[in-house]
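Worksheet: one structure, shown below.
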Amino acid sequence: MSPPRWVTGFLSYETAKAVVVRSWAVGAVNRAVQLLILAYFIGWVFLHEKAYQVRDTVIESSVVTKVKGIGRYAGRVLDTADYVTPPQGTSVFVVVTKQILTENQAQGVCPESEAEYRCAADRDCRGRGAATGSGMLTGRCVPYNRTLRTCEIRGWCPPEVDTVDVPVMLEAENFTLFIKNSIRFPLFGFEKANLPPPGSGAELGRCRFHPELQPLCPILRLGDVVRLAGQDFPALAATGGVLGIKIGWLCDLDRAWERCLPRYSFTRLDGRAPAAGYNFRHARYYRWHDGTERRTLTKAFGIRFDVLVYGNAGKFGIVPTLINTVAAFTSIGVGTVLCDIILLNFLKGAEHYKARKFEEVPEASVPAPPGSPTVCPPGALGGCGRDKQSTDSGTFSLGL
Ligand SMILES: *[C@@H]1O[C@H](CO)[C@@H](O)[C@H](O)[C@H]1NC(C)=O
């Protein structure tokens, strides 16, 4: 009894045999695919993506900023110390463009100013959280002005009224921002700054950044930054907002040191959502002449600038070059898969090629010694003694 068919099928070994096909069409496809793969690796992987380089994506950076300009606001002339906060020149800073001042606040009790604390009787002011208000509710309903009554609070009095219209310091459009940015790629020990080289120092100080004419000047006009971020200065100054100044260092260190240059780009970081805008409150404390503590509360609207530095550097390395070269040569073999599919399924005479490509060899294929009795089973006539041709491999045949 012979074993079942699936066992013989499973327990057989397939090995590759080279078949040279003299077909113009398949030959052309084969070369075309190889050429395509080669072109992809040389053009894209090696030349464009620079796969022969070691890449350092860790960029160490320090940013120092300085804003200059004189503005006028609420009858006063303001300088840098008045409108820039924090004053240390960090990479994130605010230029205050609008202020709502509440002067001479003192600790005490007074009526709330927010509209939602309107009341008719004391019971309206009980049992509600005071998280949104200006102080702790005392539970009493008191007159706010002649016609209105609001809940009474204990806290800094009088409370702030921030629904008033106040002007904007438009001079801020002409203020200048100087950015000093030093970077380092630790893997290559490469250091650079965004300042022009020492020799040409005279130019610095007078230049103004311009995306085409002066793309390397580190002195930027605030109005230009706002415009390049696609915003309108008066509108942004009134609501406040967050702008990103991005400095990109994408460096090919196989080239000259001078060719590693920063690229500036600008974007608004706080969305255009309903809650867009930027403001914060701070207070100045002092002692009144009667000895009590007073403060001036400021609600400041301003443009916050975030200087963001990113970048990477690449330099020739033998390891990535070898790995990618090997990958390129291996990938050229992919062409045979496509050619086999075409050859065995779609070409005229596919059956013929299939029969030549896949060949079945029986286990006892040792040639019989001359003179021995024939091994041909009875009934086998034409095919006896010759290798059987097979159409049975599924590797590349779709069975069409
Ligand atoms: C900014 O400067 C320009 C020229 O120096 C001047 O014409 C313009 O009025 C200034 N803008 C503001 C808002 O002061």
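The values are calculated or read from the model by the stated rules, or taken from the named source; none is laboratory data. Since we're looking at a predicted model, the values are computed, not measured. No Cβ is skipped: glycine too gets one built from the backbone with ideal geometry, and neighbour counts run over all protein chains shown. Note: areas computed on protein heavy atoms with side chains; ligands, DNA, RNA excluded. Shrake-Rupley method; radii C 1.70, N 1.55, O 1.52, S 1.80 Å.
On full extension, the segment bounded by MET136 and VAL326 gains 61.1 nm, given 0.36 nm per residue less the C-alpha separation. Assuming charge only on the beta carbon of Lys and Arg (+1) and of Asp and Glu (-1), the dipole of the chain about its Cα centre is about 400 debye to the nearest 20.
Volume per residue for the chain equals 350 cubic angstrom (convex hull of Cα atoms).
State the answer as a single residue: which of VAL337, ALA327, GLY317 lies farthest towards the positive end of the charge dipole of the stretch 260-356, with beta carbon charges of +1 for Lys and Arg and -1 for Asp and Glu, about the Cα centre. Ranked along the dipole, the leading option is GLY317.
Fully extending the segment from ASP124 to THR57, taken as 0.36 nm per residue of separation minus the present Cα-Cα distance, adds 18.1 nm. Each of ALA106 and LYS66 was given a label point 7 Å from its Cα along the Cα-to-Cβ line. The distance between the two points is 4.4 nm. A crude spin-label estimate for the pair VAL21 and THR239, with each label 7 Å from Cα along the Cβ direction, gives 6.4 nm. Take every pair of alpha-carbon atoms less than 8 Å apart whose residues are at least six positions apart; their mean separation over the length of the stretch 58-142 yields a relative contact order of 17 percent.
What trypsin sites (Lys or Arg not before Pro) in the stretch 133-176 are in a loop by DSSP, with at most 11 other Cβ atoms within 10 Å of the Cβ? Hits after loop and neighbour filter: ARG146. Solvent-accessible area of the stretch 181-304 (1.4 angstrom probe, protein heavy atoms only): carbon and sulfur portion equals 54 percent. A 1.4 Å probe run over the stretch 1-93, with the rest of the protein chains in place, finds 76 Å² accessible per residue.
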